[in-house]
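Accompanying notes for the structure given below.
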Amino acid sequence: MDWTRLVIVRWAWGLVAGSLLLVAGCAGPLCVAPGTPEAQVVARFGPPSAEYRTPGRAEGVRFEYDTGPFGQRTYMVDFGPDGRALQVRQVLTSNHFAQIRVEVDTADSIRREFGRPDRIVPSRHGQGYARWDYPFFEDGVWHSIMSITMDPRGRVLSVENGPDPRYLGGR
């Protein structure tokens, strides 16, 4: 095979691989464009894991698309009163967790902002306290868990970040 043909073949394969990566990168809800109707989102990604009313937006709704029990991403798609997408976000991020307000936010507001936790661990001491764990890929580098402790009234008592033990020790 001559040099020119080899370069063309490699270039063509690179183009194909790049195109596949681009298409795969748009396989998730982050590719929902503003203005997309709810029905089209459901047709493409299936029914949401949960639906929430969005306070501060007239008759708005938020769809949650989580990535399962070991998932480190949860996508929220906000729709306006006309049933069209306003914005899409991956909510399990350090910046988003930093907005949690201790002794102000509640179980309802946390679930609406971050979706269903990976697990809820009741306190060993009883008393109604519980820890909600959200695994996430912190800054695209670390496998972490954000733990949000709720008091018996359902208010956020504390927020703590640490390594995800499922990924320690080379597992």
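The values are calculated or read from the model by the stated rules, or taken from the named source; none is laboratory data. Please read all numbers here as calculations on a predicted model, not as lab measurements. For neighbour counting, all protein chains shown are included, and Cβ atoms are generated from backbone atoms with ideal geometry for every residue, glycine included.
Tell me which residues, restricted to region 65-103, are among the aliphatic types (A, V, I, L, M) and farther than 14 Å from G115 by Cα. Walk me through how you get there before you give the answer.
If we filter region 65-103 for residues that are among the aliphatic types (A, V, I, L, M), which is where we start, we get 76-77, 85-86, 88, 91-92, 98, 100, 102.
Across region 65-103, the qualifying residues are A85, L86, A98, V102.
Do we find that V88 is under 14 Å from V156 (Cα atoms) and touching a residue at least 24 places away in the same chain (Cβ under 8 Å) in this structure?
On the way: under 14 Å from V156 (Cα atoms): no; touching a residue at least 24 places away in the same chain (Cβ under 8 Å): yes.
Against the criterion (under 14 Å from V156 (Cα atoms) and touching a residue at least 24 places away in the same chain (Cβ under 8 Å)), V88 does not qualify.
For residues that are touching a residue at least 24 places away in the same chain (Cβ under 8 Å) and under 21 Å from V104 (Cα atoms), scanning just region 133-152, find the one that is surrounded by the fewest Cβ atoms within 10 Å (Cβ to Cβ).
P152
Please specify each residue of region 137-156 satisfying the condition of being modelled with pLDDT under 95, within 16 Å of L92 (Cβ to Cβ) and of a type outside the set (D, E).
Selection gives F137, G140, V141, W142, H143.
Keeping to region 58-99, report how many residues are of a type in the set (K, R), surrounded by fewer than 18 Cβ atoms within 10 Å (Cβ to Cβ) and assigned to a loop (DSSP other than H, G, I, E, B). Outline the logic, then answer.
So in region 58-99, the residues of a type in the set (K, R) come out as 62, 73, 84, 89.
Right, trim to surrounded by fewer than 18 Cβ atoms within 10 Å (Cβ to Cβ) and you get 84, 89.
Those left that are additionally assigned to a loop (DSSP other than H, G, I, E, B): none.
Number satisfying all stated conditions: 0.
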